[in-house]
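Beneath this line is the structure, given in structure tokens, with notes to follow.
Every number in this text was worked out from the coordinates using simple rules, so none of it is lab data. Keep in mind that what you see is a predicted model, and the values were worked out from it rather than measured. Every residue, glycine among them, receives a Cβ derived from its backbone with ideal geometry; neighbour counts consider all protein chains shown.
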Amino acid sequence: MTAPIRCAARLELTALPGIPVVGPGDDVAALLLAALERARIQLGAGDVLAVASKVLSRAEGRFVDLGRVEPSPRARTLAAEIDGDARLVELVLRESEAISRRARGVLVVRHRLGFVSANAGIDRSNAEPPGAAAGSGPWALLLPRAPDESAQRIRAALRAACGVDAGVVVTDSHGRPFRLGTVGVALGVAGLPALWDRRGELDLMGRQLLHAETALADQVAAAADLVAGQAAEGTPAVHIRGLWFRPGDSSARALIRPPGEDLYA
């Protein structure tokens, strides 16, 4: 059973302004604290910061110059099957544990972090590093190496600077089986339960709930997407106030269905 949580009667979501384009080695926690100050927000206990995974990827230098990628024979074969770029397919294979599905232009894979996604979450949008040499690229951006650990480090830095326990969710956009469009999901979690287990509670009719686990961290990520945007908004972090939970240790891995129970992988 996870830590106690109450439903939020009201949530306040604020896209944090003025965060610059991040480059390798940048201090993401310091950028978030500066953005909170610009927004005149004093971080409070129980607040949550949702941070786009791309910010962490850029800070970690997860840029790949596709012009320098040498595809393996397997990557070339798969690329021919899906009519894709063999260099990108090679990166997908390197970042993945297994291929779930394949179709024209896409490989659905189980990422090394455990979740299932298209093309291992590799992004070619806003993927160019600062100061990229003319003629280099095209560029791709890999997901962060360890989003849960990154979330924990940011949370610790926020606690040290502000003296309060806040939650941190590292977000990304994923598609879903049988549904069009992407939604925000949690790749990393710190300070709040990833899952809200309500089994054993009663419904309105007094019936005991037997199958009622809410993906709380994914809901936070999806809500943050509504104000952060997906294009050129330049607001990769969102402050959320109004949730109630007891701070504690958690991990985005708690959200991943074991492969043996996954009917679609």
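Each of Ser57, Ser125 was scored by other Cβ atoms within 10 Å of its Cβ. Listed from fewest to most, they are Ser125, Ser57. For the chain, the residue among Trp196, Val28, Leu141 whose Cα projects farthest onto the positive side of the dipole built from Cβ charges is Trp196.
The share of alpha-carbon pairs in the stretch 63-141 lying farther apart than 19 Å comes to 34%. Taking each residue as 0.36 nm, the span from Ala134 to Arg246 lengthens on full extension beyond its C-alpha to C-alpha distance by 35.3 nm. Note on mean projected area of the Cα convex hull in nm²: of the candidates (i) 15.5; (ii) 12.6; (iii) 13.7, the value calculated from this structure sits at (i). The angle between the Cα long axis of helix 28-38 and the main principal axis of the chain comes to about 50°, on a 0 to 90 degree scale. Each of Ile240, Ile154, Ile82 has some number of other Cβ atoms within 10 Å of its Cβ, and from fewest to most they run Ile82, Ile240, Ile154. Taking amide hydrogens as placed 1.01 Å from N in the peptide plane, the amide H of Val106 sits under 5 Å from that of no residue at least 5 positions away in sequence or on another chain.
For His111, His239, His211, the sequence from fewest to most other C-beta atoms within 10 Å is His211, His111, His239.
The distance from the alpha carbon centre of the stretch 37-88 to that of the stretch 169-222 is 23 Å, rounded to a whole number. For the stretch 147-253, GluC sites (Glu not before Pro) are listed when DSSP marks them as loop and at most 15 other Cβ atoms sit within 10 Å of their Cβ; the list is Glu201, Glu233. Using only side-chain charges placed at the Cβ, +1 for Lys and Arg and -1 for Asp and Glu, the dipole size of the chain relative to its Cα centre rounds to 240 debye. Here each label is just a point 7 Å from Cα along the line to Cβ, and for Val106 and Thr214 those points are 2.9 nm apart.
Highest GNM mean-square fluctuation among Gln219, Gln208, Gln152, for the chain modelled with Cα contacts below 10 Å: Gln208.
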